[in-house]
Amino acid sequence: MTTFLGLDLAVWWFLVVGAVFTGYAVLDGFDLGAGAIHMFLKKEESRRVALNAIGPVWDGNEVWLVIGGGTLFAGFPVVYGTVFSAFYIPFMLFLVALIFRAISIEFRSKEPMPWWRKMWDWSYSVASIVVALSLGVVLGNIIQGLPIGADREFHGNWLSFLNPYALLVGLTTVALFAQHGAVYLLLKTENRIFTRLTLIVRQTLRVFVGLYLLLSAATLWYVPHMLRVFLAEPWLFAVPLLTLGLVLSIGRLIRRRRYFPAFICSGSIAALLLLTVAAGLFPVLVRSTLNPAWNLTIYNASSSHKSLGIMLIIAAIGVPLVATYTGFVFWVFRGKVRLDAASY
């Protein structure tokens, strides 16, 4: 078996796929969250400032979703085929919401009528919530497991996705992104909208903390298999404890007006939550609720070793380039938002 730095290629691809989807959650998470809280901003100028705060970066952030799908297909084509077939309806809903979100941002400023702008405000906010909720529901079902048969096909129905645990993961995702987006907007705004966002951050943080604690208890009750690796390797408990510490530190940092560290903490929470899920599932990618022997793992669902080796070289070149471009865009558009004739 081919290895690199002591890890075989399947493990490396598990890390690559996880890193890319984590990048997407951190980056697109804040602009989805800005959309989720959009209707809590009452003034026309406030909504324009909020839209222009994410304007230069939201479409670039979604590139990470495309890369995530590409790396999943390249590394684990069986998982790609099974999961996308199983989640066909939720993914269609997800894509429709993504389209409406994009056209809402672009169309809103094309006409000055209040009813026109209000219509696209609602469309933008609802679509952002639906995208975040869909991602959470899919993740919740992946954590629980799916009825995958020996033929590696999905043997359930799409209504079963809307179970209480998956919906709780979906609501927690919306709350996480909402507080992440509110903290990001604090970095980009000033005056009246800044004061309003300070209150919104506190409210979204309270909602997220409540849902996070409820989800932690529900995970112990409904999906105890996620705890096995933590009991076998107790040092992994440092990950959820660090997550809780970061959650508690955001409010303190906001009170001290240290907004950038608060934003880093907020993004790190999303990354650590996904790391907790990855640690609980590894080496399984999709757990079969029908028979553990039918689980899709990084070994029985991966591409050939030759393919993994070639594509790992491509990923090692391509992913840092995209990360560099993303960092460059954020650097160019740093600072507070100023409205002008070219603004949304």
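If a/c stays under 1.5 just call it rounded; otherwise compare a/b with b/c (prolate if a/b is bigger, oblate if not). Do that for the range 62-138, with a ≥ b ≥ c from the square roots of the Cα gyration tensor eigenvalues.
Note, shape of the range 62-138 comes out prolate.
Can you tell which of 272, 137, 52 lies farthest toward the positive end of the dipole of the chain, using +1 and -1 charges on the Cβ of basic and acidic side chains (Lys, Arg; Asp, Glu)?
The listed residue farthest towards the positive side: 52.
Using the alpha-carbon atoms, what tilt in degrees (0 to 90, nearest 10) does helix 238-255 show relative to the longest principal axis of the chain?
That helix lies at roughly 0 degrees to the long axis.
What shape does the range 283-340 take by its C-alpha gyration tensor, where a ≥ b ≥ c are the square roots of the eigenvalues and a/c under 1.5 counts as rounded, a/b above b/c as prolate, and the rest as oblate?
oblate
Residue by residue through the range 325-341, which ³J(HN,Hα) values in whole Hz follow from phi under the Karplus form 6.51 cos²θ - 1.76 cosθ + 1.60 (θ = phi - 60°), with glycine and proline marked x?
Residue by residue, the range 325-341 yields 4, 4, x, 5, 4, 5, 5, 4, 9, 6, x, 6, 7, 10, 7, 9, 5 Hz.
Just tell me the longest site-free run in the chain, where the sites are GluC sites (Glu not before Pro) in a DSSP loop having at most 15 other beta-carbon atoms within 10 Å.
Working: sites that count: 153, 190.
That gives 191-344 as the longest site-free run.
For 155, 180, what's the largest-to-smallest order of accessible area, 1.4 Å probe?
155, 180
By the gyration tensor of its Cα atoms, with a ≥ b ≥ c the square roots of the eigenvalues, what is the shape of the range 126-266: rounded for a/c under 1.5, prolate for a/b over b/c, or oblate? Could the numbers behind the result be given before it?
Values: a/c = 2.98, a/b = 1.64, b/c = 1.81.
Oblate.
Among 93, 173, 105, pick out the residue whose Cα is farthest towards the positive end of the charge dipole of the range 48-196, where Lys and Arg carry +1 and Asp and Glu carry -1 on C-beta, about the Cα centre.
With unit charges placed on the Cβ atoms, the residue in question is 105.
At a probe radius of 1.4 Å, what is the per-residue accessible area of residue 113, in Å² to the nearest 10?
60
Of 159, 211, which has the most accessible area and how do the rest follow, probe 1.4 Å?
Numbers: 159 105, 211 35 Å².
Descending order: 159, 211.
Would you mind working out the magnitude of the charge dipole of the range 1-84 relative to its Cα centre, with +1 at each Lys and Arg C-beta and -1 at each Asp and Glu C-beta, to the nearest 20 Debye?
Roughly 240 debye, rounded to the nearest 20.
Can you give the accessible area of residue 343 in Å² (nearest 10), computed on protein heavy atoms with a 1.4 Å probe?
Counting only protein heavy atoms, residue 343 exposes about 20 Å² to solvent.
Roughly how many percent of the accessible protein surface of the range 134-243 is carbon and sulfur, given a 1.4 Å probe and a whole-percent answer?
Accessible surface attributable to carbon and sulfur in the range 134-243 totals 69 percent.
Using the Kirkwood radius built from alpha carbon pairs, what does the Stokes-Einstein equation give as D for the range 249-304 at 10 °C and 1.306 mPa s, in µm² per second?
114
If the elastic network links every pair of Cα atoms under 10 Å, which of 309, 140, 75 fluctuates the most in the Gaussian network model of the chain?
Evaluated over the chain, the most mobile residue of the options is 309.
For the range 117-232, what does the accessible surface come to per residue with a 1.4 Å probe? Please give it in Å².
Here the per-residue accessible area is 45 Å².
Counting Lys and Arg as +1 and Asp and Glu as -1, each charge on the Cβ, what is the dipole of the range 31-176 about the Cα centre in debye, to the nearest 20?
440
What list of ³J(HN,Hα) values in whole Hz, one per residue of the range 266-282 in order, does the Karplus curve 6.51 cos²θ - 1.76 cosθ + 1.60 (θ = phi - 60°) give from phi, with Gly and Pro shown as x?
Taking θ as phi minus 60°, the curve returns 4, x, 5, 4, 4, 5, 5, 5, 5, 5, 4, 5, 4, 5, x, 8, 3 Hz for the range 266-282.
Show me 285-298, 163-176 ranked by packing, highest mean number of other Cβ atoms within 10 Å first. Could the numbers behind the result be given before it?
Details: 285-298: 17.6, 163-176: 21.1.
Averaged packing, sorted descending, gives the order 163-176, 285-298.
So, with +1 on the Cβ of K and R and -1 on the Cβ of D and E, and no other charges, what is the size of the charge dipole of the chain about its Cα centre, to the nearest 20 debye? Kindly include the intermediate steps, with their values, before the conclusion.
Details: 26 positive and 15 negative charges, 292 e Å.
Approximately 1400 debye in magnitude.
Starting from the coordinates of the alpha-carbon atoms of the range 116-155, obtain the Kirkwood hydrodynamic radius over all distinct pairs and give the value in Å to one decimal. Don't jump to the answer; show the numbers that get you there.
On the way: mean 1/r = 0.0805 Å⁻¹.
That comes to 12.4 Å for the range 116-155.
Taking +1 at the Cβ of each Lys and Arg and -1 at the Cβ of each Asp and Glu, which of 76, 14, 213 sits farthest along the dipole of the chain towards its positive end, judged by Cα position relative to the Cα centre?
213
Which aspartates and glutamates have a Cα less than 18 Å from the Cα of residue 43, not counting those fewer than 8 places away in the same chain?
Of all the aspartates and glutamates, those that pass the test against residue 43 - Cα under 18 Å, at least 8 places apart if same chain - are 111, 121, 190, 340.
Show 331, 13, 116 ordered by accessible area, largest first, where the area counts protein heavy atoms only and the probe is 1.4 Å.
On the way: 331 155, 13 5, 116 50 Å².
The most accessible residue leads, giving 331, 116, 13.
The values are calculated or read from the model by the stated rules, or taken from the named source; none is laboratory data. If you're wondering where the values come from, they're calculated on a predicted model, not measured in any experiment. Ideal geometry is used to build each Cβ from the backbone, glycine not excepted, and the neighbour counts take in all protein chains shown. Just so you know, the surface numbers come from the protein's heavy atoms only, side chains and all, with ligands and any DNA or RNA stripped out. Shrake-Rupley method; radii C 1.70, N 1.55, O 1.52, S 1.80 Å.
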